[in-house]
Each structure stands twice: as C-alpha cells, then as structure tokens.
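Colleague: Structure in structure tokens, see below.
Read the figures in this text as sums done on the coordinates, not as results from a lab. What you see is a predicted model, and the numbers here were worked out from it, not measured in a lab. Cβ sites come from the backbone with ideal geometry, for glycine too, and all protein chains shown count toward neighbours.
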Amino acid sequence: MSLKQQPDTIRQFDLSPLARAGLLLKNMGGQIGQEEHDVSSPHREGHYQFMLATQGELILTIDFNRVRVVAPAMVLIAPGRCIRC
C-alpha cells in the first residue's frame, strides 16, 4: 500500500516544549522507551529531525519503507514524513 493510500489517522507531534530557539539536542544512546511519545508506532513529526549516529545501528521505517542506518551516518527527516522507530 503506498503512502497516499494510507489512512490519514497517523498522529502528528509538534516540537517539544523543551526546545530552545527551535532546537532540541538529545542523546539517544541507551534511552529507548523514554521518549515523550510512542516512537514505536507510526507517527508524524511537525518539524525537521536531524540524527547523527556515531556508533551502532538504527532501524527506522520512513513513509512505510524500512531504512537501516549504520554509524557513522547522518539522517535528515522532513516534517510530515511518517516515521516509526
């Protein structure tokens, strides 16, 4: 099923109120499950996400396509993309 065929019931999250000047820095190492919202279910972010992987790997689903990110790597996800971590 393509992205355009998906139901529009995917929740969108805005930038955290902890962000200062529109920027929030977060160390993701070892903190899985301690997010402000459930990142394991499909959702949209209302802001850009820039991820810098310095070690390890991460499996993301972006617009219903599985993406494997292996460090060292940088990832930029535009607002409105459907994401699942």
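Colleague: Using 7 Å Cα-to-Cβ label points, what is the GLN49/ARG20 separation (nm, one decimal)?
Modeller: Label-label distance for GLN49 and ARG20, simple model: 2.4 nm.
Colleague: Sticking with this structure for a sec: Could you give each residue of segment 46-63 its phi-based ³J(HN,Hα) in whole Hz, using Karplus coefficients 6.51, -1.76, 1.60 with θ = phi - 60°, and x for Gly or Pro?
Modeller: Coupling constants for segment 46-63: x, 7, 6, 10, 10, 10, 10, 9, 9, 7, x, 9, 9, 9, 10, 10, 10, 6 Hz.
Colleague: How much length, in nm to one decimal, is gained on full extension between PHE13 and VAL69, taken as 0.36 nm per residue of separation minus their Cα-Cα distance? It would help to have the intermediate numbers written out before the result.
Modeller: On the way: separation 56, 0.36 × 56 = 20.16 nm, distance 2.27 nm.
Taking PHE13 through VAL69 to full extension adds about 17.9 nm, to one decimal.
Colleague: I would also like to ask the following. Ranking PHE64, PHE50, PHE13 by Cβ neighbours within 10 Å, fewest first, what do you get? If you can, show how the numbers build up before the last one.
Modeller: Numbers: PHE64 13, PHE50 10, PHE13 16.
Sorted ascending by nearby Cβ count, the order is PHE50, PHE64, PHE13.
Colleague: Among ASP63, ASP14, what is the fewest-to-most ranking by other Cβ atoms within 10 Å? Numbers along the way, then the final one.
Modeller: Details: ASP63 14, ASP14 10.
Starting with the residue having the fewest Cβ neighbours, the order is ASP14, ASP63.
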